[in-house]
Amino acid sequence: MIDQIVAQIDDLNSQDPNKEVWDGNEYPKELIYGKRMTEMLFEYDETPSVAMQVAARGQHVMRWSIPRSDYPMDRKGYLKWRTDLKVFHGKLLSELLEKEGVDQELIEKVNDLVTKKRLKNDLETQQLEDVICLVFLKFYFTDFAAEHEEEKVISIVQKTWAKMTHQGHEMAFKLDFKESDRSIIKKALQ
């Protein structure tokens, strides 16, 4: 069952018109993101639940369908966009799971995970947040840091770190950062 669901998520994400180059090959952006999420999830937990596997792979399913540019380019617009995305992802994954005939409990759990319900009270939601943060730090931080002022980068590192558990912190310390990135991260954590 999980293989079929992952394949369906990948089929949807392979339609992403946005591309990313990785190891010399071009991929649909959200397809490679989903694969990175799954890879990091299994580094984080060798035996994750089915709900975690679906939520990780579908975290950004069809994200390009709701462009950031459709919202005001301020903090309020950004937060509204993020909220709308979470609801969209939860609904899309719920519909996909319903078509697969899975039980309502799994559908609700996946929806809760991707919408981050009970972030502070649910261990798996906290663990998924760790995986999201670790994927950001491992695959996207260098480009983010290069595009923004150091003060903003430091602030984002601090906010990212505050979302993570002790296990997430331990894994982050083991990531292979460029020296300039490691320096900014150290500043942020002082």
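Looking only at the stretch 20-30, decide whether some residue is aliphatic (A, V, I, L, M), in a helix (DSSP H, G or I) and on the phi < 0 side of the Ramachandran plot. Talk me through it step by step, then tell me what you get.
So the first thing to find is which residues in the stretch 20-30 are aliphatic (A, V, I, L, M), and the list is 21.
Of the ones still in play, those that are also in a helix (DSSP H, G or I) are none.
No, every residue in the stretch 20-30 fails to be aliphatic (A, V, I, L, M), in a helix (DSSP H, G or I) and on the phi < 0 side of the Ramachandran plot.
Could you say whether any residue in the stretch 138-150 is out of contact with any helix residue (DSSP H, G or I) (no Cβ under 6 Å at 6 or more places or on another chain), over 20 Å from Val61 (Cβ atoms), free of Cβ contacts under 8 Å to residues at least 12 places away in the same chain and surrounded by 13 or more Cβ atoms within 10 Å (Cβ to Cβ)?
Yes: the stretch 138-150 contains one or more residues that are out of contact with any helix residue (DSSP H, G or I) (no Cβ under 6 Å at 6 or more places or on another chain), over 20 Å from Val61 (Cβ atoms), free of Cβ contacts under 8 Å to residues at least 12 places away in the same chain and surrounded by 13 or more Cβ atoms within 10 Å (Cβ to Cβ).
Tally the residues that are more than 21 Å from Val114 (Cα to Cα), of a type in the set (A, V, I, L, M, F, W, C) and assigned to a helix (DSSP H, G or I), restricting the search to the stretch 124-176.
Residues that pass the stated criteria total 10.
For the stretch 32-46, check the following and say yes or no: at least one residue is in a loop (DSSP other than H, G, I, E, B), modelled with pLDDT of 95 or more and not hydrophobic (A, V, I, L, M, F, W, C). Let's see the steps before the verdict.
Of all residues in the stretch 32-46, those in a loop (DSSP other than H, G, I, E, B) come to 45-46.
From the residues that got through so far, the ones that are modelled with pLDDT of 95 or more too are 45-46.
From the residues that got through so far, the ones that are not hydrophobic (A, V, I, L, M, F, W, C) too are 45-46.
Checked against the condition, which is being in a loop (DSSP other than H, G, I, E, B), modelled with pLDDT of 95 or more and not hydrophobic (A, V, I, L, M, F, W, C), the stretch 32-46 yields at least one hit.
Based on what the data block shows, is Val110 outside the structural domain of Pro67 (by TED's automatic domain parsing), aliphatic (A, V, I, L, M) and modelled with pLDDT of 95 or more?
On the way: outside the structural domain of Pro67 (by TED's automatic domain parsing): no; aliphatic (A, V, I, L, M): yes; modelled with pLDDT of 95 or more: yes.
When the stated conditions are applied, Val110 does not pass them.
From Gln127, Gln158, which residue is modelled with pLDDT of 95 or more, within 25 Å of Phe42 (Cβ to Cβ) and not aromatic (Phe, Trp, Tyr)? Give the steps one after another, and end with the answer.
Working: Gln158 fails: within 25 Å of Phe42 (Cβ to Cβ).
Only one candidate passes the filter, namely Gln127.
Give just the number: which of (1) of a type in the set (Gly, Ala, Ser); (2) closer than 27 Å to Met171 by Cα; (3) surrounded by 12 or more Cβ atoms within 10 Å (Cβ to Cβ) does Ser14 not satisfy?
Just one mismatch for Ser14, condition (2).
Within the group Tyr71, Tyr44, which residue is among the hydroxyl-bearing types (Ser, Thr, Tyr), over 19 Å from Leu119 (Cβ atoms) and out of contact with any Ser or Thr (no Cβ under 8 Å at 6 or more places or on another chain)?
Values: Tyr44 fails: over 19 Å from Leu119 (Cβ atoms).
None of the other options fit; the residue is Tyr71.
So which of Gln53, Gln4, Gln15 is touching a residue at least 40 places away in the same chain (Cβ under 8 Å), outside the structural domain of Lys138 (by TED's automatic domain parsing), closer than 23 Å to Asp130 by Cβ and of a type in the set (S, T, N, Q)? Break it down into steps so the answer makes sense when it comes.
Numbers: Gln4 fails: closer than 23 Å to Asp130 by Cβ; Gln15 fails: closer than 23 Å to Asp130 by Cβ.
The conditions single out Gln53.
Looking at the stretch 164-190, I want the residues that are over 17 Å from Ala145 (Cα atoms) and have a partner that is exposed (fewer than 14 other Cβ atoms within 10 Å of the Cβ) and modelled with pLDDT of 95 or more with Cβ atoms under 8 Å, at least 6 apart or on another chain. Which pairs are those?
What qualifies is Met171/Glu43.
The values are calculated or read from the model by the stated rules, or taken from the named source; none is laboratory data. What you are looking at is a predicted structure, and each value in this text was computed from that prediction instead of being measured. Reconstructed Cβ throughout: ideal geometry from the backbone, glycine too, with neighbour counts over all protein chains shown.
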